[in-house]
Amino acid sequence: MNRPAAVESAPVVTVTAGAVRGKVENGIASFLGIPYAAPPFGKDRFRKPRPHEPWAGELDCTAYGPTPPQAPYSGGLEKVLPSVIIEGEEILNLNVWTPAGAIGGDELLPVMVWVYGGALTRGSNAISLYDGATFARDGVVLVAINYRVGLEGFASFPDTPGQNGLADAVAALEWVHAEIAKFGGDPARVTVFGQSAGGGIVGALLGLPQARGLFAGAIVMSAPIGPRGKPPRREVTALVAGSLGIPKTREAFAEVPPAVLVDELSKLTGGGALIGGRASFAPDPTLGDPWREIEAGANADVPVIVGGTAEEFGLYLGPTGLRSRIKWYHLLLALVMFRPGPRRLRKLRSKTPEAGVADLFGAVASDGLISRAAHRLAKLRARRGGRTYVYEFGWRSTVLGLGAAHGLDIPFVFDALALPDASMLAGDGAPQRLADEMHGAWVRFAKSADPGWPAWEGDGSAKVFA
């Protein structure tokens, strides 16, 4: 039987822009929807984030703030991936969970900053799985940020370069660096972590000069990171401009309501993600190439965890019905695209001896997009003397044939298996001992820069959670 939460007096913290009032339940203080930058609309639409204007009085931060413009998942992914959409313009907000006693205390606690995934087209910090109370319970201040997604965050114009969503993440980290001590967090012990597109943002932050000094640790979960490839043949901004019959300029796009741009983007993504090479966002040349910075040794002194799930592509094979549509020629195309090589292919085949064509296709794609990227990062950092801890999540869900699918590790990392959103992915009866182990490792890393298993030393070994 669940006990009612013990609600205590409302805490108030004064940050640079004004006072924020949160709430306390069971000894955990939460501040939801704190603005960290000005609303990116009107004259600021499609521009880099700027500081928020001061406000008068106490800002009520007891409920989640507005979410970035987006459409909910569809095409089958809505069966396993939650969407939360809250209207409003104050979308550049963040949530803070901290032990109530840490506010105004003498000891500053380690901080973790969560960056959500969603293929750069979806996601928000208002999803229940990202509640940071379990981290605060274990002595870590958890911050969950919003950043602009879709065209609002990653459209690119000749007169205004894109990647504003990445700039939002930097602005949020700058806010954390300046303000988190007021919530009991240590700005010198910040670990930034993210999954999927959020992991890609964390990977970019590792090589982004603008983010240097803003974090002391990083965790990259299930992200297709690596060298910048050729410019996309089908660039999203140009495709949408052509579809709407408008110039590819910031001024023209700023005249289009956000909901219209969301609808146009949904037509490109089919309700899911930007996968399969159909279209992608162009990089911002003003930000340089983060991977080259990593190759040159950027943040080699920052410890990193990197890894993913054993069957990433299971997220798309089961819920969408794609498994029944994959044929041998799709597998051949994947082999040509990712070139696993005979030894690697034998290893993938040995891990899935009973798999059919679709599952082997998924294994090749998962390996090419995620697993090899993780090992490439670990190998590169090892050459520069960096400490990198590699992991693989292998527990298999029976929901809709997911297996050890992309995103399945999130409810374990957040120790959130009891939530309905976790059941969508993991089903009933997911092992709590695995959540204890994985959540505990992430907490240890935030506190000591060591998750509890050996750093990668060139042998390709990984910690397996199963």
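The values are calculated or read from the model by the stated rules, or taken from the named source; none is laboratory data. The structure displayed is predicted, hence computed values, not measured ones. For neighbour counting, all protein chains shown are included, and Cβ atoms are generated from backbone atoms with ideal geometry for every residue, glycine included. The accessibility values were calculated without ligands, DNA or RNA, using every heavy atom of the protein model including side chains. Shrake-Rupley method; radii C 1.70, N 1.55, O 1.52, S 1.80 Å.
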Exercise. Using every pair of alpha-carbon atoms in the chain, split the distances into 20 Å bins beginning at 0 and state the percent of pairs per bin, rounded to integers.
Key: 25, 60, 15, 0
Exercise. Using a cut-off of under 20 Å, list every residue of the stretch 80-115 whose amide N is near the label point 7 Å from the Cα of D301 along the Cα-to-beta-carbon line.
Key: 110-111
Self-check item: Directionally averaged projected area (convex hull, Cα atoms, the stretch 94-235), nm²
Solution: 8.9 nm²
Quiz item: Per residue Cα convex hull volume for the stretch 362-466, in cubic angstrom?
Solution: 100 Å³
Quiz item: For the stretch 177-193, what does the Karplus curve 6.51 cos²θ - 1.76 cosθ + 1.60, with θ = phi - 60°, yield as ³J(HN,Hα) per residue in whole Hz, taken in order and with x for Gly and Pro?
Solution: 4, 7, 10, 5, 4, 5, 9, x, x, 9, x, 8, 10, 9, 10, 9, 9
Exercise. Using amide H atoms built 1.01 Å from N in the peptide plane, name the residues 5+ places from A19, or on other chains, whose amide H lies under 5 Å from its own.
Key: L59
Exercise. Enter the per residue convex hull volume of the stretch 404-450, computed from alpha-carbon coordinates, in Å³ rounded to the nearest integer.
Key: 74 Å³
Self-check item: Per residue accessible area in Å² of the stretch 149-223, where ligands, DNA and RNA are left out and the probe is 1.4 Å
Solution: 21 Å²
Exercise. Would you please give the residues with an amide H less than 5 Å from that of L109, counting only those at least 5 places away or on a separate chain, with H modeled from the backbone geometry?
Key: G185, D186
Quiz item: Out of residues 5 or more away from V306 or on other chains, whose amide H comes under 5 Å of its own, with H placed 1.01 Å from N in the peptide plane?
Solution: V220, Y389, V390, Y391
Practice problem: Work out from phi, with θ = phi - 60° and the Karplus expression 6.51 cos²θ - 1.76 cosθ + 1.60, the ³J(HN,Hα) of each residue of the stretch 410-416, listed in order in whole Hz, and give x for Gly and Pro. | Solution: 4, x, 6, 4, 8, 6, 10
Self-check item: FRET efficiency estimate (nearest 0.05) - Cβ-Cβ, A63 to R234, R0 41 angstrom
Solution: 0.55
Quiz prompt | Charge context of S461, other residues only, Cβ under 14 angstrom, K/R +1, D/E -1 | solution = 0
Quiz item: In Å and whole numbers, how far do the C-alpha atoms of the stretch 305-413 stretch along each principal axis, longest first?
Solution: 45, 34, 20
Quiz item: So what are the ³J(HN,Hα) numbers for the stretch 88-100, from phi and the Karplus equation (6.51, -1.76, 1.60; θ = phi - 60°), rounded to whole Hz, Gly and Pro as x?
Solution: x, 9, 7, 7, 8, 10, 9, 10, 10, 10, 8, x, 4
Quiz item: Of all accessible surface on the chain at a 1.4 Å probe, what whole percent is carbon and sulfur?
Solution: 55 percent
Quiz item: Taking the mean number of other Cβ atoms within 10 Å as a proxy for protection, how do you rank 379-391, 49-61, 159-171, 400-412 from highest to lowest?
Solution: 400-412, 159-171, 379-391, 49-61
Quiz item: H375: accessible area at probe 1.4 Å, nearest 10 Å²?
Solution: 50 Å²
Quiz item: How many nm separate the modelled label positions at T249 and K351, each set 7 Å beyond the Cα in the direction of the Cβ?
Solution: 5.0 nm
Quiz item: Using alpha-carbon pairs under 8 Å, 6+ residues apart, how would you state the relative contact order of the chain in percent?
Solution: 15 percent
Quiz prompt | Cα-Cα over 21 Å, subset of K79/K463; K327/K463; K351/K379; K48/K182; K79/K267; K43/K182 | solution = K79/K463; K327/K463; K351/K379; K48/K182; K43/K182
Quiz prompt | Length-normalised contact order of the stretch 305-437 in % [C-alpha pairs under 8 Å, at least 6 apart] | solution = 37 percent
Quiz prompt | the stretch 26-111 - Rg and Dmax from Cα coordinates, angstrom | solution = 16.4, 51
Quiz item: Magnitude of the Cβ-charge dipole of the stretch 34-145, K/R +1 and D/E -1, about the Cα centre, nearest 20 debye?
Solution: 580 debye
Practice problem: State in Å² the accessible area per residue of the stretch 56-114; use a 1.4 Å probe, count heavy atoms of protein chains only, and round to the nearest integer. | Solution: 41 Å²
Quiz prompt | Exposure rank, largest accessible area first [E107, E89; 1.4 Å] | solution = E107, E89
Quiz prompt | Solvent exposure ordering (accessible area, 1.4 Å, most first) of E392, E251 | solution = E251, E392
Quiz prompt | Structure-based [θ]222 nm, the chain - -39500 (n - 2.57) summed over DSSP H runs of at least 4, per residue, nearest 500 | solution = -8500 deg cm²/dmol
